[in-house]
């Protein structure tokens with residue numbers, strides 16, 4: 001059965017190797033760096049990408065993500081507690097007792113990099129700052145950020161607060177998947193009442209296709225930067241830690257990625273790729289189709305392979321349409337790129353239900 005299904009996948013990917021002029025990977029100033037395909041998480045370039053380092057204010061991407069997943073509405077009004085105001089470093093100058101929306105705090109967090117906004121968001125959405133930080137670490141675990149530990153919501157240097165370039169790229173992927181968060185980090189400037197927040201990320205103005213995300217700096221951490229750019233259907237994520245020339249690093253890495261890779265759709269939703277046997281059904285087999293899309297950044301000389309992994313090689317009637325029977329798994333250079341569910345494409349009634357069977361066959365002949 002696996003051979004039968006695999007044989008129907010020829011349409012997906014037999015790619016011919018073509019001559020290509022390959023741009024050399026750039027030299028960067030960063031101590032750690034990574035360039036990642038946002039669609040699949042495939043690493044296209046890395047330099048010491050798993051070493052834990054201080055990360056400064058790019059921490060605030062996790063703060064924003066956890067806040068948005070906390071269930072609080074953006075229009076909620078937050079009353080500023082005295083302990084959230086007057087924090088060292090960058091600030092939006094919150095005043096004790098002031099009332100401000102959660103949405104305005106998030107913009108102040110991500111555009112102006114307000115350390116006070118980070119504490120206010122954490123205290124409001126977590127009940128306490130400590131509980132919120134615990135949720136940040138829980139989210140890091142869910143995202144597979146194994147080189148990370150969070151000790152505060154703003155990124156100030158304290159013991160036990162660190163991450164890696166690779167982990168921050170994983171976080172950026174999650175942030176871009178969250179529509180509200182992706183919109184905020186791509187905003188150049190916005191005004192709330194008497195406050196105007198202008199994004200610190202100069203790449204939004206300097207690099208074609210840049211869509212965010214966040215800058216950071218402390219004297220000990222150096223310059224840290226998480227950014228993303230989208231061109232021709234391909235989104236790339238770049239992270240640099242302790243990078244004296246971070247704008248130039250990101251420009252060079254994006255140029256390298258867009259010059260050497262292109263977005264290819266490998267799997268499309270609704271493609272019928274085979275069938276599985278059905279025991280006791282009015283018909284003996286049920287068609288199987290994909291239940292998702294998969295695109296990936298590939299070099300023109302690369303070929304992708306797709307294999308089928310069935311969890312239900314045989315079904316028992318009645319069978320509902322949309323029942324998952326396995327996954328299509330896509331590989332490049334023997335490394336997994338992604339998975340797409342395989343589901344039944346139609347309803348198969350029990351053979352003992354003739355009236356439903358007649359209805360089924362009428363629909364078949366009608367089509």
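The values are calculated or read from the model by the stated rules, or taken from the named source; none is laboratory data. Since the structure is predicted, the reported quantities are computational estimates derived from the model, not experimental observations. Here the Cβ is made from the backbone with ideal geometry for all residues, glycine too, and neighbour counts use every protein chain on show.
Name the residue, out of 322, 281, 270, 326, that is surrounded by 15 or more Cβ atoms within 10 Å (Cβ to Cβ), touching a residue at least 12 places away in the same chain (Cβ under 8 Å), on the phi > 0 side of the Ramachandran plot and in contact with a strand residue (DSSP E or B) (Cβ under 7 Å, 6 or more places away or on another chain).
Details: 322 fails: surrounded by 15 or more Cβ atoms within 10 Å (Cβ to Cβ); 281 fails: on the phi > 0 side of the Ramachandran plot; 270 fails: surrounded by 15 or more Cβ atoms within 10 Å (Cβ to Cβ).
When all the criteria are applied, what remains is 326.
Condition check ((1) in the same structural domain as residue 333 (by TED's automatic domain parsing); (2) at pLDDT 95 or above; (3) buried (at least 16 other Cβ atoms within 10 Å of the Cβ); (4) part of a helix (DSSP H, G or I)) across all residues:
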{"residue": "21", "(1), (2), (3), (4)": "no, no, no, no"}
{"residue": "46", "(1), (2), (3), (4)": "no, yes, yes, no"}
{"residue": "49", "(1), (2), (3), (4)": "no, yes, yes, no"}
{"residue": "59", "(1), (2), (3), (4)": "no, yes, yes, yes"}
{"residue": "64", "(1), (2), (3), (4)": "no, yes, yes, yes"}
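Specify which of the listed residues (248, 221, 174, 182) is surrounded by fewer than 20 Cβ atoms within 10 Å (Cβ to Cβ), over 15 Å from the mean Cα position of the chain (by Cα) and at pLDDT 95 or above.
Working: 221 fails: surrounded by fewer than 20 Cβ atoms within 10 Å (Cβ to Cβ); 174 fails: over 15 Å from the mean Cα position of the chain (by Cα); 182 fails: over 15 Å from the mean Cα position of the chain (by Cα).
Selected residue: 248, the only one of 248, 221, 174, 182 that is surrounded by fewer than 20 Cβ atoms within 10 Å (Cβ to Cβ), over 15 Å from the mean Cα position of the chain (by Cα) and at pLDDT 95 or above.
Would you point out which residue out of 97, 114 is exposed (fewer than 14 other Cβ atoms within 10 Å of the Cβ) and in the same structural domain as residue 183 (by TED's automatic domain parsing)?
On the way: 114 fails: exposed (fewer than 14 other Cβ atoms within 10 Å of the Cβ).
When all the criteria are applied, what remains is 97.
Look through 156, 106, 119, 181 and report the one residue that is without any contact (Cβ under 8 Å) to a residue 40 or more places away in the chain and within 20 Å of residue 215 (Cβ to Cβ). If you could, list the steps in order and put the result at the bottom.
Working: 156 fails: without any contact (Cβ under 8 Å) to a residue 40 or more places away in the chain; 106 fails: without any contact (Cβ under 8 Å) to a residue 40 or more places away in the chain; 181 fails: without any contact (Cβ under 8 Å) to a residue 40 or more places away in the chain.
Of 156, 106, 119, 181, the one residue that is without any contact (Cβ under 8 Å) to a residue 40 or more places away in the chain and within 20 Å of residue 215 (Cβ to Cβ) is 119.
Return only the number of the condition from (1) crowded, with 21+ Cβ neighbours inside 10 Å; (2) touching a helix residue (DSSP H, G or I) at 6+ places or on another chain (Cβ under 7 Å); (3) in contact (Cβ under 8 Å) with a residue 40 or more places away in the chain that residue 139 does not satisfy.
The single condition residue 139 does not satisfy is (1).
Do the conditions hold for residue 188, that is, is it assigned by TED's automatic domain parsing to the domain that holds residue 62 and surrounded by 17 or more Cβ atoms within 10 Å (Cβ to Cβ)?
Numbers: assigned by TED's automatic domain parsing to the domain that holds residue 62: yes; surrounded by 17 or more Cβ atoms within 10 Å (Cβ to Cβ): no.
In short, no.
For the range 224-241, which residues satisfy the criterion of being over 14 Å from residue 214 (Cα atoms) and modelled with pLDDT of 95 or more?
Those that are over 14 Å from residue 214 (Cα atoms) and modelled with pLDDT of 95 or more: 230, 231, 234, 235, 236.
Given the structure, is residue 25 in contact with a strand residue (DSSP E or B) (Cβ under 8 Å, 6 or more places away or on another chain), modelled with pLDDT under 95 and assigned to a loop (DSSP other than H, G, I, E, B)? Write out each step before concluding.
Details: in contact with a strand residue (DSSP E or B) (Cβ under 8 Å, 6 or more places away or on another chain): yes; modelled with pLDDT under 95: yes; assigned to a loop (DSSP other than H, G, I, E, B): yes.
For residue 25, the condition - in contact with a strand residue (DSSP E or B) (Cβ under 8 Å, 6 or more places away or on another chain), modelled with pLDDT under 95 and assigned to a loop (DSSP other than H, G, I, E, B) - is met.
Within the range 68-82, count every residue that is under 17 Å from residue 127 (Cα atoms) and either without any contact (Cβ under 8 Å) to a residue 40 or more places away in the chain or in contact with a strand residue (DSSP E or B) (Cβ under 8 Å, 6 or more places away or on another chain) (or both). Show your work before the answer.
Initial filter on the range 68-82 (under 17 Å from residue 127 (Cα atoms)): 68-74, 76-82.
Okay, now just the ones that are also either without any contact (Cβ under 8 Å) to a residue 40 or more places away in the chain or in contact with a strand residue (DSSP E or B) (Cβ under 8 Å, 6 or more places away or on another chain) (or both), so 71, 73-74, 76-80, 82.
Going through the range 68-82 one residue at a time, the tally reaches 9.
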